[in-house]
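The values are calculated or read from the model by the stated rules, or taken from the named source; none is laboratory data. Worth saying up front: this structure is predicted, and the values here are computed from it rather than measured. Heads up, the Cβs are rebuilt from the backbone with ideal geometry, glycines too, and the neighbour counts pull from every protein chain shown. With ligands, DNA and RNA removed, areas are computed over all heavy atoms of the protein, side chains included. Shrake-Rupley method; radii C 1.70, N 1.55, O 1.52, S 1.80 Å.
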Amino acid sequence: EWSYKKIFSAKLAGGKRDHAVCLVLDISQSMFGNLGQCLRESLIVLVGALRKLGVDNFGIIVFGRDVTLVKTTEQPWDP
């Protein structure tokens, strides 16, 4: 009869959303020149957007001949 109180109780916000992002950049010989410069600038823009959104746990990996972990999700983003 639509009188059950649990159905009509106030909704509360859930916990804080936790996002994890990993940015991967190709720095091999094929990315030399203008294409590589544009990709580096895009990576900088993406990092700026993530920081503005409050997503602090992101990782950065670059690969070419070898794979290098530049920043883990646990490390803070600072100079």
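Looking only at residues in segment 9-51 that are of a type in the set (V, I, T) and assigned to a helix (DSSP H, G or I), the one that is modelled with the highest pLDDT is V45.
The lone criterion from (1) touching a strand residue (DSSP E or B) at 6+ places or on another chain (Cβ under 9 Å); (2) open to solvent by less than 100 Å² (accessible area, probe 1.4 Å) left unmet by Q37 is number (1).
Can you pull out every residue in segment 51-66 that is surrounded by 16 or more Cβ atoms within 10 Å (Cβ to Cβ) and out of contact with any His (no Cβ under 9 Å at 6 or more places or on another chain)? Result: G59, I60, V62.
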